[in-house]
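Chemist: Sending over a structure as structure tokens; questions will come in a sec.
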Amino acid sequence: MMKFQTLTSPASCLDRDDIDTDQIIPARFLRTTERTGLGAHLFEDWRYDAGGHPKPGFPLNQTGANDARVLIGGRNFGCGSSREHAVWSLLDFGIRAVIAQGFADIFRKNALRNGLLPIDVDAADHAACLAAAGAGRAFTIDLEARRVMAEGVAFGFDVDPFARTCMLDGVDELEYILKHEDRIAAFERER
Amino acid sequence: MTSKSRTLYDKIWDDHVVVAGSGTPSILYIDLHLIHEVTTPQAFAGLRARGIGVRRPDRTVATADHVTPTVSRNAADAGPLAVEQIRRLEANCEEFGIPFYGIGHERRGIVHVIGPELGLTQPGLTIVCGDSHTSTHGAFGALAFGIGTTEVEHVLATQCLLEHKGLNFAVEFDGRPRPGVTAKDMILKLISEIGIGGGTGHVLEYMGTGIDALDMEGRMTICNMSIEAGARAGLVAPDDTTFQYLSGRPFAPSGEDWDRALERWAGLVSDPDAQYDRRVRIDSGSLQPMISFGTNPSMSAEIDARVPDPAGIADAAERAQMTAALEYMGFTPGETLLDQKVDVVFIGSCTNSRMADLRAAASVFDGRRVSEGVRALVVPGSQQVREQAENEGLDRVFIDAGAEWRESGCSMCIAMNGDKLEPGQRSVSTSNRNFEGRQGQSGRTMLASPLTAAAAAVTGKVADPRTLLENRS
């Protein structure tokens, strides 16, 4: 798990609701046995035309999008399949935090387990984030303080405390479960 | 606390907590871990990197389904990447002692079809798989949900997951669906009502006379699409229909074990005064066949409906979404869904590829021809379904009608194996997702029941299957 403590970066906007994992990484790119290299195909069918050329209007094709570590989505981000490749492709592209009005459950869990921070916002803060990102302002995300700051943007966010600790320390959950091996063995014996 | 009345979800959860969370997630025991070729290679690599093994290979079952070809039993027909994924899974299973139903095995099939078919899926179990449609198994009163690859690694290593408990959502289907209306129509109706994110954070418990009347195949169809409402899982309390389905299956308990299991399973119901965080009621007795018109499953309507006008949507984001969806699908506001031209019909997927689904489709195909210019694929959910269908002569019905009869697999539901739509083609599909490009780049998917899909195949357009069933004398 990659550590996440603080981050300062411009943000890209993809203000659409219900962005599903088939858009984030189309299924034809899941025929891999690796976690790496998926950023090249992030939002492939929205990013490129049939000839493989970048679509000029697409936000991630804008100048500076490669520098953005923050992505702002709409409502219910990451719905659909359980493919962790969606999170891997965002990370591989360079995204470390997604700000959205809600996330699908499996996507949220996959994100937290990989050091990609999902940040829930309400409608007012969402609008402020879009405005700041559109103006090219830098966002500062402080996971310890659970705060997002940018010009015209200042709000706190909730994150599962356990996942937050894991991200701050770069520790993964499997070690935590493995520490309870005796309890698991006892559970198996007793049933 | 212990005397508090509980839902079915509460009971299964409580039975599987190894370490109760306090400020941390709980450690939840997993009874059955189903794995497939696409979401596991990185998890096995993770185990090797840590130098740890698979804790319970006896609670793990593998199959290959997502990338397998349906034109043959030769993986090479789905390309070198498919060959490599399948080979990798086979090697991982061999190394760690996991039973593997690979290509050529008579028990191979879509992971969510073979689990129930083999009797692996049983009431009261916790079941996970690196696939969101794991919710299917909830039809048996099992707590079943999809997980990511990191969690696949957790379960392989520890047979446990870190989980926060979700909320309880009661979904009552009131009334037996009328002829021509199926479980698929019921679940599309629900999703159209509560939305694609309507179940987020919740476990749906389906109940009511509409559910009681369904066979297990129908209940699986409904639970399968729980995830399309964003729900963590779907559940149906087990009853005699469940027990009769399971009796005699290869991995179901037998003899005295069966009797003991029945006693245990009888307790798997929500207490009469159990509390739900949310409730919704659907009048399933008056439902029509449903079909999707947009680019997510909540954009579904009665088959005789008209394409909605985005101008009537107050919320700007929703209006933009609907406008984009209709443009993608090639629909104009106000036109009817009936009679829209169809290029491809796909009957298959973990939603609708079991015997009841194939029998329903065959009842429409029987004595008719696939309309000229339409390509119709029938892809059974498993090799056992394929064999049974052939025993009943259904393959002849499909082939005589001009449809393609294939080997089992996920096929055109996810379009990873070469079975896909061409750009711009419109399908009527019995699968579960109509997201942009889901069935092939720039393909256009309309989700519907096997009856409605078959009706589209023989008419070449969106049609109400009841008109074809009524014409049977």
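The values are calculated or read from the model by the stated rules, or taken from the named source; none is laboratory data. None of the values given here were measured: they were computed from a predicted structure. FYI the Cβ positions are ideal-geometry reconstructions off the backbone, even for glycines, and counts take in every protein chain you see. Ligands, DNA and RNA are stripped out before the accessible areas are found, and what is left, the full protein with its side chains, is counted by its heavy atoms. Shrake-Rupley method; radii C 1.70, N 1.55, O 1.52, S 1.80 Å.
Chemist: In the stretch B:417-427, is there at least one residue being within 12 Å of another protein chain (Cβ to nearest Cβ), surrounded by 24 or more Cβ atoms within 10 Å (Cβ to Cβ), part of a strand (DSSP E or B) and not basic (Lys, Arg)?
Modeler: No, every residue in the stretch B:417-427 fails to be within 12 Å of another protein chain (Cβ to nearest Cβ), surrounded by 24 or more Cβ atoms within 10 Å (Cβ to Cβ), part of a strand (DSSP E or B) and not basic (Lys, Arg).
Chemist: Go through the stretch B:182-196 and count every residue that is over 16 Å from B:MET216 (Cα atoms) and either surrounded by fewer than 24 Cβ atoms within 10 Å (Cβ to Cβ) or of a type in the set (Val, Ile, Thr) (or both).
Modeler: 7
Chemist: Are there any pairs with C-beta distances below 7 angstrom linking a residue in the stretch B:89-105 that is assigned to a strand (DSSP E or B) to a residue that is among the acidic types (Asp, Glu), with the two at least 6 apart or on different chains, and if so which?
Modeler: Close Cβ pairs (under 7 Å, with a partner that is among the acidic types (Asp, Glu)) amount to B:PHE100/B:GLU90.
Chemist: Related question: If a residue must be of a type outside the set (A, V, I, L, M), open to solvent by less than 40 Å² (accessible area, probe 1.4 Å), part of a helix (DSSP H, G or I) and farther than 19 Å from B:ARG438 by Cβ, how many such residues does the stretch A:40-61 contain?
Modeler: Residues in the stretch A:40-61 being of a type outside the set (A, V, I, L, M), open to solvent by less than 40 Å² (accessible area, probe 1.4 Å), part of a helix (DSSP H, G or I) and farther than 19 Å from B:ARG438 by Cβ: 1 in total.
Chemist: Using the structure shown, decide if B:ALA144 is surrounded by fewer than 24 Cβ atoms within 10 Å (Cβ to Cβ), outside any loop (DSSP other than H, G, I, E, B) and at pLDDT 95 or above.
Modeler: no
Chemist: Another question, then. Just one of B:ALA139, B:ALA170 is in a helix (DSSP H, G or I), under 22 Å from B:SER298 (Cα atoms) and either within 14 Å of another protein chain (Cβ to nearest Cβ) or among the aliphatic types (A, V, I, L, M) (or both); which is it?
Modeler: Just one listed residue meets the conditions, B:ALA139.
Chemist: List the number of the failed condition for B:VAL385; all other conditions in (1) farther than 26 Å from B:GLY294 by Cβ; (2) open to solvent by 20 Å² or more (accessible area, probe 1.4 Å); (3) modelled with pLDDT of 95 or more hold.
Modeler: (2)
Chemist: Tell me the strands (runs of 3 or more DSSP E) entirely within the stretch A:116-191 that contain at least 3 residues that are open to solvent by 30 Å² or more (accessible area, probe 1.4 Å) and away from chain B (no Cβ under 14 Å).
Modeler: Those strands (runs of 3 or more DSSP E) span A:138-142.
Chemist: Next question, about the same structure. Only one residue in A:MET167, A:MET149 is more than 27 Å from A:ILE25 (Cα to Cα) and not hydroxyl-bearing (Ser, Thr, Tyr). Which one?
Modeler: Just a single option satisfies the conditions, and that option is A:MET149.
Chemist: Can you pull out every residue in the stretch B:200-217 that is in contact with a strand residue (DSSP E or B) (Cβ under 8 Å, 6 or more places away or on another chain) and open to solvent by 30 Å² or more (accessible area, probe 1.4 Å)?
Modeler: B:THR200, B:MET207, B:THR209
Chemist: Related question: Being open to solvent by 10 Å² or more (accessible area, probe 1.4 Å) and among the β-branched types (Val, Ile, Thr) is the filter here, so list the residues in the stretch B:284-323 that pass it.
Modeler: B:THR295, B:ILE313, B:THR323
Rundown of residues vs (1) in contact (Cβ under 8 Å) with a residue 24 or more places away in the chain; (2) away from chain A (no Cβ under 12 Å), yes/no style:
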site: B:TYR9; (1), (2): yes, yes
site: B:ASP14; (1), (2): no, yes
site: B:VAL38; (1), (2): yes, no
site: B:ALA43; (1), (2): yes, no
site: B:ASP65; (1), (2): yes, yes
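Chemist: Would you mind finding the one in A:ALA104, A:ALA131, A:ALA138, A:ALA100 that is without any contact (Cβ under 8 Å) to a residue 24 or more places away in the chain and among the aliphatic types (A, V, I, L, M)?
Modeler: Of the residues listed, the single one that is without any contact (Cβ under 8 Å) to a residue 24 or more places away in the chain and among the aliphatic types (A, V, I, L, M) is A:ALA131.
Chemist: A further question on this structure: Scan the stretch B:408-422 and report the pairs whose first residue is within 12 Å of B:ALA82 (Cβ to Cβ) and whose second residue is acidic (Asp, Glu) and modelled with pLDDT of 95 or more, with Cβ atoms within less than 9 Å and a gap of 6+ or a chain change.
Modeler: Partner pairs satisfying both residue conditions: B:GLY409/B:ASP65; B:GLY409/B:ASP419; B:CYS410/B:ASP65; B:CYS410/B:ASP419; B:ASN417/B:ASP77; B:GLY418/B:ASP77.
Chemist: For the list (1) in contact with a strand residue (DSSP E or B) (Cβ under 6 Å, 6 or more places away or on another chain); (2) hydrophobic (A, V, I, L, M, F, W, C); (3) crowded, with 24+ Cβ neighbours inside 10 Å, I need the number of the one condition that B:LEU377 fails.
Modeler: With respect to (1) in contact with a strand residue (DSSP E or B) (Cβ under 6 Å, 6 or more places away or on another chain); (2) hydrophobic (A, V, I, L, M, F, W, C); (3) crowded, with 24+ Cβ neighbours inside 10 Å, B:LEU377 is out only on (3).
Chemist: Hey, another quick one. With B:THR126, B:THR136 as the choices, which residue is within 23 Å of B:ARG433 (Cβ to Cβ) and either among the polar types (S, T, N, Q) or under 23 Å from the mean Cα position of the chain (by Cα) (or both)?
Modeler: Among B:THR126, B:THR136, only B:THR136 is within 23 Å of B:ARG433 (Cβ to Cβ) and either among the polar types (S, T, N, Q) or under 23 Å from the mean Cα position of the chain (by Cα) (or both).
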